[in-house]
């Protein structure tokens, strides 16, 4: 991660406790992430576009059909697992949140509600 002021990522949303992570390997400690891990691809894309994460130089991206078959990790730039299943990238984002380098995106504003229906009176007067 790039040093500097805290970065607010638009795709970064709290998990609300919906991320139970079960590791299949007993060498790793199970971790519960405080952000929505299903958005890892979008999070990586935003971090990369804004220069918060730097990709290695001179790396060839595999063809689309290979990426779809075997899974493609944008963080490692390799085949074998998806970005959303990459524990190193998830740990990097969680560490950024814990240290205050990353912040959750703004919550979507609730839709405005109409106090009254201006057409209601017009429709009631016109009986067909």
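Before we move on, is residue 79 in contact with a strand residue (DSSP E or B) (Cβ under 7 Å, 6 or more places away or on another chain) and under 20 Å from residue 3 (Cα atoms)?
So residue 79 fails the test.
Write out, first by first residue and then by second, each pair whose Cβ atoms fall under 8 Å of each other, whose residues are 6+ apart or on separate chains, and whose first residue, in segment 28-56, is at positive phi and at pLDDT below 90 while the second is outside any helix (DSSP H, G or I) and surrounded by fewer than 19 Cβ atoms within 10 Å (Cβ to Cβ).
51/2
Give me a count of the residues in segment 34-68 that are surrounded by 11 or more Cβ atoms within 10 Å (Cβ to Cβ) and in a helix (DSSP H, G or I).
The qualifying residues number 14.
Residue 60 - would you say it is more than 17 Å from the chain's Cα centre (by Cα), at pLDDT below 85 and under 17 Å from residue 10 (Cβ atoms)?
no
Within segment 78-94, is even one residue over 14 Å from the mean Cα position of the chain (by Cα), surrounded by fewer than 12 Cβ atoms within 10 Å (Cβ to Cβ) and either modelled with pLDDT under 85 or assigned to a loop (DSSP other than H, G, I, E, B) (or both)?
yes
So, in segment 1-27, of the ones that are part of a loop (DSSP other than H, G, I, E, B) and surrounded by 15 or more Cβ atoms within 10 Å (Cβ to Cβ), which residue ends up modelled with the lowest pLDDT?
Here the residue is 19.
The values are calculated or read from the model by the stated rules, or taken from the named source; none is laboratory data. Computed from a predicted model, the values in this text were never measured in an experiment. A quick note on method: Cβ atoms are made from the backbone with ideal geometry, for glycine too, and the neighbour counts reach across all protein chains shown.
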